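The values are calculated or read from the model by the stated rules, or taken from the named source; none is laboratory data. Just so we're clear, the structure is a prediction, and the values are computed from it rather than from any experiment. Cβ placement follows ideal geometry from the backbone for every residue including glycine, while neighbour counts extend to all protein chains displayed. Remember, those area values only see protein heavy atoms, side chains included, never the ligands or the DNA or RNA. Shrake-Rupley method; radii C 1.70, N 1.55, O 1.52, S 1.80 Å.
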Amino acid sequence: MARDGKSVLLIDSDLRRPRIHENFEIDNDQGLTNVLFEHAKFDEVVYKENAIPGLSVLTSGILPPSPDELLGSEKYWSFIEWAKGRFDIILLDAPPVLIVSDAAILSQKVDGVVLVVAAHHTKKQAVINAVGSLDKVGANILGVAINKMNFGKTHRYYGEYYNTYDTKDKKKGKLFGAVSKR
């Protein structure tokens with residue numbers, strides 16, 4: 001999206017096991033929680049990705065004692081509203097859907113959710129359960145991103161995928177139907 005000329009803000013809202021700073025190889029000393037609690041200036045803690053013009057990254061910062069309370073707080077959503085006035089797209093990285101309530105809290109207030117699934121690792125039932133959990137809170141599931149894909153075995157993977165696809169299962173049809181359209 002940033003490469004297409006949009007201004008994009010990626011926020012690490014996984015306040016339990018943040019990883020965005022590792023992916024970008026940047027410090028996590030200052031970030032989202034510092035802006036919210038310590039009144040750190042956004043422009044001083046946001047990292048502007050030089051390799052991808054238009055992409056800004058806000059790490060999690062210090063970890064709070066109650067992440068779910070913070071993510072549901074007026075302070076957090078006021079910050080998101082402020083950021084919406086400065087960026088075309090805001091992406092929130094959240095913890096896994098089935099482990100803690102954080103993703104469900106976030107999914108109720110965002111425009112859409114993309115479920116991230118690890119190829120050959122995430123069990124089919126876990127994906128079905130995650131979609132069910134998101135459906136229960138009214139999340140707008142846009143589709144799925146498959147990561148950890150072994151491109152040396154792509155052909156075999158798709159063969160396995162199509163052999164196990166069951167069109168009678170409404171949950172799978174909904175999830176994978178969205179994927180096939182993207």
| request: Skip the ligands, DNA and RNA, and give the accessible area per residue of the range 22-122 with a 1.4 Å probe, whole Å². | output: 56 Å²
| query | What length, rounded to one decimal in nm, is gained on full extension from Met1 through to His120, with 0.36 nm per residue of separation minus their alpha-carbon distance? | reply | 40.1 nm
| For Asp68, net neighbour charge (Lys/Arg +1, Asp/Glu -1) across residues whose Cβ lies under 11 Å away | -1
| field | Gyration tensor (alpha-carbon) shape descriptor, the range 22-64, a/c threshold 1.5 | value | oblate
| request: Working with all protein chains in place, sort Leu9, Leu92 by solvent-accessible area computed with a 1.4 Å probe, largest first. | output: Leu92, Leu9
| field | Table column - 3J(HN,Hα) (Hz), the range 94-103, Karplus curve with 6.51, -1.76, 1.60, x for Gly and Pro | value | 10, x, x, 4, 8, 8, 9, 7, 4, 5
| field | nm² value of the averaged projected area, convex hull over the Cα atoms of the range 1-78 | value | 5.3 nm²
| field | Size descriptor, Kirkwood hydrodynamic radius, that averages inverse alpha-carbon separations across the range 85-149, Å | value | 12.5 Å
| task | Leaving ligands, DNA and RNA out of it, report the carbon-plus-sulfur percent of the accessible area of the range 30-156 at a 1.4 Å probe. | result | 54 percent
| field | Cα-centre dipole for the range 1-125 with unit charges at Cβ (Lys and Arg positive, Asp and Glu negative), debye to 20 | value | 420 debye
| task | Once you have the Cα-Cα distance between Lys41 and Arg19, take 0.36 nm times their residue separation minus that, and quote the gain in nm to one decimal. | result | 5.7 nm
| trypsin sites (Lys or Arg not before Pro) within the range 48-88: DSSP coil, no more than 13 neighbouring Cβ in 10 Å | Arg86
